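Scroll down for the structure; my scribbles are underneath it.
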Amino acid sequence: VRMQHYSTRFLRRTVVGGLTAVAAVALLSGVGQAAEKFPSKTIEVVTHASAGGGTDTTARIMMIRGRRYLKTDMVVVQKRGGGGEAAQSYANKQPKDGHTVLALTQTHLYTIALGKSPLKIDDLVGVARAMDDPTFIVVHKDSPYKTFKQLIEAQKTKALTWAVAQIAGTEHIGAAQLAEAAGIPMKNIKAAAFGSGGKMVAALMSKAADVSPLNVSESLSQIEEGVFRPLAVMGPTRLKAFPDVPTTFEHGYKVKCTTTRGYAVLKGTPQDRIDTLSKAFVKAMGHDTFGNYLKASGLDPAESVAGSKVWDAALKEEYANAAKALKMLGLVK
């Protein structure tokens, strides 16, 4: 009887002790889950651009609603230098927890392709695209070239000066890709770097350049005033705002050139956090606050803004095209 009584008490203590241990584990698990709340602190949007520039302005307007939907503060952190290398190096040293977001343009992709970054393209995961700003091939209204076909034919035998922002930049790469596709000798594309879109516009207005691959947002007012003549859109589809301007694809040249801005995190960031950021960013950029900003630049919000899946694939495609063009220009092996 005593043995039976002892066994019963032992069993009871064992069960109670086990339940207490389970409860303790559950409590600790609950604390762990609470600590994993995201976001749990300020989100840094790291940019390589200067204050007041397009990338900086785009980020700040997105953040107006972004911080509301994420229910946390968001700040712009400027890390200038090296064509995005400084920004990438800074982000690479931060925890991969979703609280550090890179504001990307193609400049970052070129820096990676040129081997000047601590990152590889697969180290980036696209979160959301903010802007897809197509490129017009534009000439001055006094130019002898009235159509895109005339320009291409002239370029096959004549060297013309193309105003670009920088050598090995978006516009230069776009012009090189067009030359290859259209059978234009590369020497006939005389790329002249003017430093920025605004200076490219000035160069074309002063006739210091013959032609320029300008973004819609950069050339919109001059086109509307009749100072510039758009000959083609460097892409597969015509723009709704300019239905009479043909595309390079229509002419048989599958060359796409566009300036994109968007956001990315580093590989290793938990997928659920990427999804949270993407959903909030897309929602923020779907609001009129951001939509009106795009419309004022001549862009369609529905075509510019995209979520993680679309943007990540576009980043990888743009990188592959850029790497190929840089190799063609002899800038990478």
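The values are calculated or read from the model by the stated rules, or taken from the named source; none is laboratory data. Predicted model, so just to flag it, every value in this text is computed and none were measured. As a convention, Cβ positions derive from the backbone with ideal geometry for all residues, glycine included, and neighbour counts pool all protein chains shown. With ligands, DNA and RNA removed, areas are computed over all heavy atoms of the protein, side chains included. Shrake-Rupley method; radii C 1.70, N 1.55, O 1.52, S 1.80 Å.
On a per residue basis, the convex hull of the C-alpha atoms belonging to the stretch 162-205 measures out at 61 Å³. If only the Cβ of Lys and Arg carry +1 and only the Cβ of Asp and Glu carry -1, the dipole of the stretch 190-333 around its Cα centre is close to 560 debye.
Here the chain carries DSSP beta bridges of which approximately 60% are antiparallel, counting only pairs with both residues inside. The PHE38 and LYS120 beta-carbon pair, evaluated with R₀ = 30 Å, returns a calculated FRET efficiency of approximately 0.70. In this structure the amide hydrogen of LEU124, modeled in the peptide plane, comes within under 5 Å of the amide hydrogens of LYS267, none closer than 5 places in sequence on its chain. In the stretch 279-324, the ratio of gyration radius to Kirkwood radius, Rg to Rh, stands at 1.08 when only Cα atoms are counted. With a Förster radius of 22 Å, plug the Cβ-Cβ distance of SER89 and ALA193 into 1/(1 + (r/R0)^6) and report the FRET value to the nearest 0.05. It comes out at approximately 0.30. The apolar share of the surface of the chain, taken as the fraction of accessible area on carbon and sulfur atoms (1.4 Å probe, ligands and nucleic acids excluded), comes to 54 percent. If you wrap the tightest convex hull around every Cα atom of the stretch 90-219 and split its volume per residue, you get 127 Å³.
Listed values for the stretch 234-240 are Karplus-derived 3J(HN,Hα) couplings in whole Hz (6.51 cos²θ - 1.76 cosθ + 1.60, θ = phi - 60°), namely 7, x, x, 10, 5, 8, 4, and x replaces Gly and Pro.
Averaged per residue, the chain has 49 square angstrom of accessible surface, using a 1.4 angstrom probe with ligands and nucleic acids left out. The alpha carbons of the stretch 152-303 stretch over 55, 37, 30 Å along the principal axes, in descending order.
Each Cα pair of the stretch 217-333 feeds into the Kirkwood radius, which the Stokes-Einstein equation turns, at 25 °C and 0.890 mPa s, into a diffusion coefficient of 146 µm²/s. Could you compute the net charge surrounding ASP244? Neighbours are other residues with a C-beta less than 14 Å from the C-beta of ASP244; K and R count +1, D and E count -1. Charge balance near ASP244 sits at +2. Distance from the C-alpha centroid of the stretch 39-69 to that of the stretch 217-256: 30 Å, rounded to the whole angstrom. Of the peptides 258-267, 279-288, the order by per-residue mean of other Cβ atoms within 10 Å, starting with the highest, comes out as 258-267, 279-288. Value of Rg to Rh for the chain, rounded to two decimals, is 1.20; Kirkwood radius and Rg both from alpha-carbon coordinates.
Backbone geometry of the stretch 156-172 corresponds, through the Karplus equation with coefficients 6.51, -1.76 and 1.60 at θ = phi - 60°, to 3J(HN,Hα) couplings of 5, 10, 9, 7, 10, 8, 9, 7, 10, 6, 8, 5, 6, x, 3, 5, 4 Hz, x marking Gly and Pro. Just checking the listed ones, GLY197, GLY226, GLY169: in the Gaussian network model of the chain with Cα springs under 10 Å, the one fluctuating most is GLY226.
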